[in-house]
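Peer 1: I'd like to ask you about the structure that follows.
The values are calculated or read from the model by the stated rules, or taken from the named source; none is laboratory data. Quick caveat, the model's predicted, so the values are computed rather than measured. Cβ sites come from the backbone with ideal geometry, for glycine too, and all protein chains shown count toward neighbours.
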Amino acid sequence: MEELLVQEKKRKGKKPVKLRELPVSEKEEIYLECVKQEYIRLVVSLAKQIKRYLKGPPKIISLDTSSEEDGDSILTESLKDFKEASPAELAYRRILIEDLEKCLTAQQRWIIRKRFGIEDGVDHTLQEIADEVGICREGVRARIKKALARMRKYEERRAEKET
C-alpha cells in the first residue's frame, strides 16, 4: 500500500504522490476512504443477491406452452435450431474453406478447421488436436499462429489487387 499512487486525492493541481510522502493523518483518511468504498461495493452486491433471492426461482415454462394469444403456435416452433447452419453461414463457410485451400498447407488447413470448427461446428481444444497430429500443444499453437499470419497476408494481397 505504501507504493500506491494517490489518484483519488486531488492536491490542488499537484501530481499524485506516493503514500509514504503523505502525513499520517492523510494516509489514514485515504485508507478509510478505500475501506468505505469497498464496504459500499460489498453492500450493494449483497443487496442485489438478496433481491434475487426474494424474487424466488424463475417461472418455469414448458416448451409445449402456446406462445401466442390465438393458441396456434407453441414455443418449440419459434426456437432456432442451433445444430443447423443458416444458408448465409453455409455460404460463408464454403468461401472460407476455398480461401483456406488457396493459402495454407494441408496440415495448416486441417488444424484451422478443427480448432475453429469450420466444417462440423465443433471447436476442438489445442490438446485434442495435438493428440491427433502427434505433436505438443505449443506446436499446434505455433502452427495456428503461422497459418493465421499467412491468411492475413493472403487477404492483404487480394485487397491490393482489387484496388
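Peer 1: Restrict the check to region 117-133 and report whether at least one residue is in contact with a Leu (Cβ under 9 Å, 6 or more places away or on another chain) and at pLDDT 90 or above.
Peer 2: No, region 117-133 contains no residue that is in contact with a Leu (Cβ under 9 Å, 6 or more places away or on another chain) and at pLDDT 90 or above.
Peer 1: OK, next. Give all pairs with beta carbons closer than 9 Å in which a residue from region 134-163 that is aliphatic (A, V, I, L, M) meets a residue that is outside any helix (DSSP H, G or I) and surrounded by 14 or more Cβ atoms within 10 Å (Cβ to Cβ); count only pairs at least 6 apart in sequence or on separate chains.
Peer 2: From residues that are aliphatic (A, V, I, L, M), the pairs are Ala147/Leu104; Met151/Leu104.
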